[in-house]
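Encoded as structure tokens, the structure appears first; notes follow it.
What follows draws every value from the coordinates through simple rules; no lab data is involved. Predicted model only: the values in this text are computed from it and were never measured. Counting neighbours? That spans all protein chains shown, and the Cβs are built from the backbone with ideal geometry, glycine included.
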Amino acid sequence: MIAINEAIISNKIYVVRNQKVMLDRDLAELYDVETKNLKRQVKRNIDRFPEDFMFEMSDEELENWRCQIGTSNSDRSLSKGLRYKPFCFTEQGVAMLSSVLASERAIKVNIQIIRIFTKMREIVSIHKDILLKLEQIESKTNKTMKFNSFLLH
């Protein structure tokens, strides 16, 4: 069984256009294929990748992303696959990749990635519940303080 450390996968999930995405170069690395081969397979099967599954970063998004991760336009970053605007895959796009990259590794890695996306959603949901409860407590506390203040005057 192929097992990739969760942190490695989590660190390859970025937010672009307010969506959690993974970049073609990172996915290619995880699948142990060349980025150009991954992109070629996607282009051959482009009907499987509507814009909510996969999109290409704009020039502005690429610049913002480079700044976000602290890379520059150096030769080092060029060698890391930043010469071209990357394809960004949403969770659904990552799932679809396993059908166009029919390798056993792609399927197993995809399962791990989807589990991490699911875990991230669960964490966000838990945090929302906690924030809601805190707001309710704060509201009750404010009402009590106002009432006590009223009684004192």
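In table form, for the structure just shown:
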item: Simple spin-label estimate for Glu6 and Leu134 in nanometres, 7 Å along Cα-Cβ; result: 2.2 nm
item: Mean Cα-pair separation over length for the range 6-118, i.e. relative contact order, pairs under 8 Å, 6 or more apart, %; result: 35 percent
item: Ranked by how many other beta carbons lie within 10 Å on average, peptides 90-101, 127-138 from highest; result: 90-101, 127-138
item: Calculated FRET efficiency for the pair Arg40/Val15, C-beta based, R₀ 41 Å, to 0.05; result: 0.95
item: Enclosed volume per residue, in Å³, of the convex hull spanned by Cα atoms of the range 6-118; result: 99 Å³
